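Q: Right, I'll just put the structure down here and ask away after.
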Amino acid sequence: MGILEMTKRVTFLVACAMFSACAGSRPAVSAGSPAATPTWTLTWSDEFSGATGAAPDPAKWAFDLGGNGWGNQELESYTNRPANVHQDGGGNLVILANKETYTGADGIQRQYTSARLKTQGLFSQAYGRFEARIKIPKGQGMWPAFWILGNDIDSVGWPKCGEVDIMENIGREPAVNHGSMHGPGYSAGNSLTASYTMPSGQSLGDDFHVYALEWEPNVARFYVDNTLYETQTPAALPSGTSWVFDHPFFIILNVAVGGSWPGSPDATTVFPQNMLVDYVRVYSLR
C-alpha cells in the first residue's frame, strides 16, 4: 500500500469513527421511526488515489461524451481528455471546465469543454447511503452535480427511470445546495426538492463538503456535512403519480457550463473552473 493510499485509508477510518456512517452508530431519522439507527456497510468506493494525471479507473467509471445540450441547453462538450478529467496525485478526481473552441466526435462545436463520468454498466445499487466529498467550482453559469439515475433509463426513458440529485449547485447561488427527486409527473421544475444554505452564506466552493443521500424503501434523506435538511416519501408525490425509487441506480459526476437553469457564463466567470472529488462511497444496510 502506497503512502497516499495509506493516508486515505486512515482518513476514511477516522471519518467513519466521526460520522459513524459505516459503523452505524450515527443517529438517522427514518420515516415513522425517529429513533431508528441504520447500520451501513461499504459496498463500493473510489478514493481517487491514482498518480498525477492518471485517468479515472475504467473499471469504475465510463463517460458521457458530446455537446448536444443534454436536454438542458448546456453549452459544453463533454470529453474524456486529461484536459477535462484526471486524478491529481493528491487523492482527488479533477473535473475541469475550460473555455475553448472544441468539436467533438458528434460534430457539434462548442465554446466550452468539461467532463461527465458515470458508473452505468459498471455499478448500480438499490437503496443505501451514497456520499461524496466534493469541492465545487464557482462562477456564473457553472452547474456541478453529483447524482444518480435509474439503471433502466435505456428501456423506460427519463423521467420514468427516476433521478436523484444529491449535490446540485448553480453559480449564482454560491451558498446553496439543491437536493431533488425526479419521476413521471414530478420532474424538472415540478420535482420533489429542497435546498440547504450554508451558515452565514459561505460559498460551498470555498472548501470540501460531504453530500449524502440515505435511501431506503419509501424514504430518502438528504444531508450536507451530516446535517439532515430534507426528507422525501411517497406522501409528497403529486396526485396520480408513482414512486419510482425502488430499483438500482447508477452514479454520475459532472460539471455543466450554462443551461436553462444556471444561465450562461458572463464576464465575471473565470476559466478554467474545477470540481475536486476526494471520494465517492456507497453503503448498504446490513
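Here, each number is a calculation from the coordinates, and none is a lab measurement. Since the model is a prediction, treat every value here as computed from it, not as a measurement. Backbone-built Cβ (ideal geometry, glycine too); neighbour counts: all protein chains shown.
Q: Which of the residues belonging to segment 261-278 are among the hydroxyl-bearing types (Ser, Thr, Tyr) and surrounded by 16 or more Cβ atoms within 10 Å (Cβ to Cβ)?
A: 269
Q: Need at least 3 residues that are more than 12 Å from residue 254 (Cβ to Cβ) and without any contact (Cβ under 8 Å) to a residue 60 or more places away in the chain per element, so show me which strands (runs of 3 or more DSSP E) inside segment 62-103 make the cut, counting only ones lying wholly within it.
A: 93-103
Q: I would also like to ask the following. Of the residues that sit in segment 104-120 and are assigned to a loop (DSSP other than H, G, I, E, B) and among the polar types (S, T, N, Q), which one is surrounded by the fewest Cβ atoms within 10 Å (Cβ to Cβ)?
A: 120
Q: Can you pull out every residue in segment 88-125 that is in contact with an Asp or Glu (Cβ under 7 Å, 6 or more places away or on another chain) and either within 26 Å of residue 285 (Cα to Cα) or of a type in the set (Ser, Thr, Tyr) (or both)?
A: Hits for segment 88-125 are 112, 113, 114, 118.
Q: While we're here: Could you check segment 212-252 and list, in sequence order, the residues that are surrounded by 19 or more Cβ atoms within 10 Å (Cβ to Cβ), of a type outside the set (Val, Ile, Thr) and within 15 Å of residue 177 (Cα to Cα)?
A: Matches in segment 212-252: 212, 213, 221, 222, 223, 230.
Q: Looking at segment 124-164 only, could you name the residues that are among the aromatic types (Phe, Trp, Tyr) and within 15 Å of the chain's Cα centre (by Cα)?
A: 130, 143, 146, 147
Q: Could you pull out every one of the strands (runs of 3 or more DSSP E) wholly within segment 148-264 that has 3 or more residues that are of a type in the set (Asp, Glu) and on the phi < 0 side of the Ramachandran plot?
A: By residue number, 163-168.
Q: If I ask for residues that are part of a loop (DSSP other than H, G, I, E, B) and either of a type in the set (D, E, K, R) or over 21 Å from residue 48 (Cα atoms) (or both), which ones from segment 123-146 would you list?
A: 126, 127, 138, 139, 140, 141
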